[in-house]
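Here's the structure we're looking at; comments come further down.
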Amino acid sequence: MAEIVLEGVTKRFPDGSVAVRDVDLDIADGEFVILVGPSGCGKSTTLNMIAGLEDITDGTLRIDGRVVNDLAPKERDVAMVFQSYALYPHMSVRENMGFPLRLAKVDRATIESKVEEAARVLDLSEYLDRKPANLSGGQRQRVAMGRAIVRDPKAFLMDEPLSNLDAKLRVQMRTQISRLQRRLGTTTVYVTHDQTEAMTLGDRVVVMRQGLVQQVGTPARLYDMPRNLFVAGFIGSPAMNFLGASLSGGALRTPLGDLPLDDRTRQELERRDAPRDVIVGLRPEAFEDASLARGTGGPVVTVTVDVLESLGSDAYVHFGAEGGPVTTAELEELATDSGMRDTGAGGAQQIVARLDAATRA
Ligand code: ATP
């Protein structure tokens, strides 16, 4: 078992600033948990406290049922993978990967077989005698992972391990990390500010802001049932659109027109005794081109296209609705192609707005 439990964990730095406040988190054995949030929200500090690289000011940290607040990093049996890889330039791949085992005085034959096994898993066998300088970024990253794997630790702790890679390699490595974690079944805590990584890698995602946990849940739960405006706006790309609205009869009056409410949403708002003025969250994919006329029941709004971004199969249409902020809709390329070829950006376009999720103000 390698369960990691944080109870009321707080970090106050000597200058008095509080980077992490009263965090409760229960990470199950074998779980892949992502800490995500904007720069400075306290995710690295949280990871460093689990690793033992930062002291815990208040609260309790348990690994495997044992309180480890005062244990040195090497006594916690966790392996850290950093963004910078932290490889030794004068050592070969083989020596870099075997280094933690050498430190632990493991015998030479065992080191050799563990390094070769990890190299095989990570597709590094042919590079074992190279120095890090003669490897690509992705290969260096894999060596850093290999160094963590050979120790067979209770948990992997990864701090933005992919952020030094180019976009294409990042996607490749993302799938590789996911496959590797499932295969090894090792508890993993992974820090990123990239919400795509968070949504694709994690069994559960912890969204943080200003040292506080905002929501913990599966990626689907965070996307569909964000607990507050911050999570709603942070998860999803392009971001959810927020529109000021007022409840009027069975509909929500918004700058885009009246959005009909389904029974479930109406009952939910009544149950919560929602105020008349609310904020409506509409995901970009909640819109569709009126010319496709799929009859979703939403109002048809005519908008002036500000910017059109084509992605191949889809396009993002940024438009300004009267009295409202700039809104982004994700439409099928086909629709934007037929509807906008003549007018181009700046032309009037009809869009059906469909209610996706209403978030209470
Ligand atoms: P990033 O994505 O930019 O790495 P983060 O979410 O990982 O951000 P942390 O590095 O955990 O954030 O930092 C959290 C807060 O604590 C920040 O406001 C940071 O300035 C502050 N902080 C970090 N280290 C120290 C320190 N040694 N002394 C004082 N404040 C610190």
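The values are calculated or read from the model by the stated rules, or taken from the named source; none is laboratory data. All values derive from a computational prediction rather than experimental measurement. Note: ideal-geometry Cβ built from the backbone for every residue, glycine included; neighbour counts use all protein chains shown.
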* Go through the residues of region 36-53 one by one and say whether even a single one is within 19 Å of Gly202 (Cα to Cα) and among the basic types (Lys, Arg). => yes
* **Tabulated pairs, region 101-114, first farther than 19 Å from Asp77 by Cα, second assigned to a helix (DSSP H, G or I), C-beta under 8 angstrom, 6+ apart or interchain** => Glu112/Gly98
* So which of Arg130, Arg142, Arg151 ends up being part of a helix (DSSP H, G or I) and basic (Lys, Arg)? -> Arg142
* Asked: Quick one: in region 159-192, which of the residues that are within 16 Å of the ligand (Cβ to nearest atom) and modelled with pLDDT of 90 or more is surrounded by the fewest Cβ atoms within 10 Å (Cβ to Cβ)?
  -> Glu160
* Structure fact -> Residue hits (region 214-225; within 14 Å of the chain's Cα centre (by Cα) and not aromatic (Phe, Trp, Tyr)) are Gln214, Gln215, Val216, Gly217, Thr218, Pro219, Ala220, Arg221, Leu222
* Hey, Met158 hits all of (1) touching a residue at least 60 places away in the same chain (Cβ under 8 Å); (2) farther than 30 Å from Arg21 by Cβ but one; which does it fall short on? -> (2)
* Report yes if Thr200 is modelled with pLDDT under 85 and β-branched (Val, Ile, Thr), otherwise no. => no
* To do: Name every residue in region 239-272 that is in contact with a helix residue (DSSP H, G or I) (Cβ under 8 Å, 6 or more places away or on another chain) and surrounded by 15 or more Cβ atoms within 10 Å (Cβ to Cβ), in order of residue number.
  => Ala239, Met240, Asn241, Phe242, Leu247, Leu261
* To do: Scan region 244-276 residue by residue and report those that are in a loop (DSSP other than H, G, I, E, B) and not basic (Lys, Arg).
  => Gly249, Gly250, Pro255, Leu256, Leu261, Asp262, Asp273, Ala274, Pro275
* Asked: Of the residues Ser125, Ser84, which is modelled with pLDDT under 95, out of contact with any Leu (no Cβ under 8 Å at 6 or more places or on another chain) and closer than 28 Å to Thr196 by Cα?
  -> Ser84
* **Verdict on Arg142 being basic (Lys, Arg) and crowded, with 20+ Cβ neighbours inside 10 Å** => yes
* Failed item, numbered, when Ala361 is tested on (1) surrounded by fewer than 17 Cβ atoms within 10 Å (Cβ to Cβ); (2) modelled with pLDDT of 75 or more; (3) out of contact with any Phe, Trp or Tyr (no Cβ under 7 Å at 6 or more places or on another chain) -> (2)
* Scan region 59-68 and give yes if some residue there is farther than 20 Å from Phe156 by Cβ, among the polar types (S, T, N, Q) and surrounded by 16 or more Cβ atoms within 10 Å (Cβ to Cβ), otherwise no. => no
* Does Phe99 satisfy the condition of being touching a Lys or Arg at 6+ places or on another chain (Cβ under 9 Å), among the aromatic types (Phe, Trp, Tyr), farther than 30 Å from Thr196 by Cα and surrounded by 14 or more Cβ atoms within 10 Å (Cβ to Cβ)? -> yes
* Give just the number: which of (1) touching a Cys at 6+ places or on another chain (Cβ under 8 Å); (2) surrounded by fewer than 18 Cβ atoms within 10 Å (Cβ to Cβ) does Ala220 not satisfy? => (1)
* Of everything in region 1-19 that's among the charged types (D, E, K, R) and either surrounded by fewer than 21 Cβ atoms within 10 Å (Cβ to Cβ) or without any contact (Cβ under 8 Å) to a residue 12 or more places away in the chain (or both), which residue is nearest to the ligand (Cβ to nearest atom)? -> Asp15
